[in-house]
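The next block holds one structure in the form of structure tokens; read it before the comments.
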Amino acid sequence: MKPVKKKKTEEPELEPLCCCEYIDRNGEKNHVAACLCDCQDLDEGCDRWITCKSLQPETCERIMDTISDRLRIPWLRGAKKVNISIIPPLVLLPVFLHVASWHFLLGVVVLTSLPVLALWYYYLTHRRKEQTLFFLSLGLFSLGYMYYVFLQEVVPKGRVGPVQLAVLTCGLFLILFALYRAKKNPGYLNPASSDRALSSSQLECNRKGQEKTKGFPGTDTSGSLNNRTAKDDPRGSSRMPAGSPTKAKEDWCAKCQLVRPARAWHCRICGICVRRMDHHCVWINSCVGESNHQAFILALLIFLLTSVYGITLTLDTICRDRSVFTALFYCPGVYANYSSALSFTCVWYSVIITAGMAYIFLIQLINISYNVTEREVQQALRQKTGRRLLCGLIVDTGLLG
């Protein structure tokens with residue numbers, strides 16, 4: 001008799017989600033309209049806030065997790081989750097700039113507090129080693145909002161010609177294109193590429209080393225790399241010799257489980273190793289490494305040129321018959337008209353952002369001229385092996401020339 005084949009138990013198919021439904025963090029189907037329902041942590045937090053009682057840090061974290069999980073927008077085949085860190089710039093930046101346009105003193109207070117708040121948030125997220133879209137959202141929205149104010153308040157005054165407007169618009173699109181290129185893969189390392197990077201001469205050297213050290217403790221009889229744990233190496237990584245003594249040593253990353261080439265580092269924010277890592281840039285929410293360093297420098301350069309050009313056109317329109325530098329500090333009657341006041345406030349906001357980007361661009365040029373990365377500079381300063389020169393702008397690491 002032929003054996004009877006057992007029928008496979010068919011798993012029940014999940015019903016397709018509508019545009020407003022989603023699967024929450026608990027694995028249950030939920031609806032966008034029920035974003036304020038069944039939130040015990042939020043109810044407890046509101047009760048304690050009304051009764052003037054302090055909240056536990058764990059409760060605040062649970063509330064933020066719940067809000068970030070339920071903050072979604074309707075989308076095809078289920079509502080999409082929205083990162084909560086992109087929302088504050090979209091709401092606060094126009095409010096702050098409009099408030100700063102009311103009076104000169106309000107402008108001084110607001111434009112001084114904005115960099116302080118941005119730096120505070122940067123150090124908060126940098127200390128926690130968390131990824132955030134706040135600065136990327138702030139940068140992109142600032143570009144769009146400055147361009148919108150320019151079109152609405154500056155162009156109608158008739159001092160900006162079509163050629164000047166076209167040049168500024170092309171500069172804006174070039175910035176976005178350069179940022180898109182800089183956001184691409186900075187040179188991430190993966191185990192497959194690291195294994196292929198080992199040449200046949202290195203493998204032959206490993207086999208010869210195995211024959212010589214056979215019988216001694218601590219050697220791997222299979223000839224493979226010896227994966228050392230954090231107990232074996234207090235730094236969390238071990239070094240292995242390369243195929244020839246003239247070549248630089250390579251690091252074994254215990255977290256990524258791969259062999260890192262020279263000048264590659266593990267980014268604790270991205271959680272992966274990057275070739276020739278320079279630094280983790282919060283403005284693009286990605287690392288700057290071997291593959292996107294040129295695009296990052298190009299984006300900075302185009303931004304500086306476009307920003308200076310836009311500031312010059314705006315000051316020439318609202319403060320006529322004055323030089324750019326004089327109009328920036330002395331423009332009488334600019335607060336008499338709200339349109340001119342808003343344009344002048346946006347000019348000073350752009351000047352602050354441009355000054356910060358110019359500092360980053362200068363540091364990058366200095367590091368390139370000395371053939372060092374920002375990661376190597378910071379490591380030399382922590383290990384006290386580097387020397388600060390020219391008021392701290394130049395750091396001589398003493399490693400590479």
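Here are some notes:
- Residues with amide H under 5 Å from that of LEU258, placed H, sequence gap 5 or more: CYS253
- A straight chain from LYS384 to ILE363 at 0.36 nm per residue would run longer than the Cα-Cα distance by 5.6 nm.
- One decimal place: the segment GLU61-VAL116 gains 17.4 nm when fully extended, by the rule 0.36 nm per residue minus the C-alpha distance.
- Compared with the alpha-carbon gap, the fully stretched path from VAL351 to LYS157 is longer by 67.7 nm at 0.36 nm per residue.
- Links that overshoot a 25 Å alpha carbon limit, given the list LYS29/LYS129; LYS53/LYS129; LYS80/LYS184: LYS29/LYS129; LYS53/LYS129
- Three principal axis lengths of segment 26-136 [C-alpha, angstrom, descending]: 52, 41, 31
- Under the criterion of Cα pairs below 8 Å and six or more residues apart, the relative contact order for segment 43-147 equals 22 percent.
- For CYS267, distant residues with modelled amide H under 5 Å away: ILE272, CYS273, VAL274
- Packing rank of 262-272, 44-54, where each peptide gets the mean count of other beta carbons within 10 Å, highest leading: 262-272, 44-54
- From most to least packed by mean Cβ count within 10 Å, the peptides 168-176, 318-326, 130-138 give 130-138, 168-176, 318-326.
- Direction-averaged projected area, Cα convex hull, segment 95-182: 7.5 nm², rounded to one decimal.
FYI, it's all coordinate maths here, none of it is from the lab. Quick caveat, the model's predicted, so the values are computed rather than measured. Quick reminder, even Gly has a Cβ in these numbers, built from the backbone with ideal geometry, and neighbours come from all protein chains shown.
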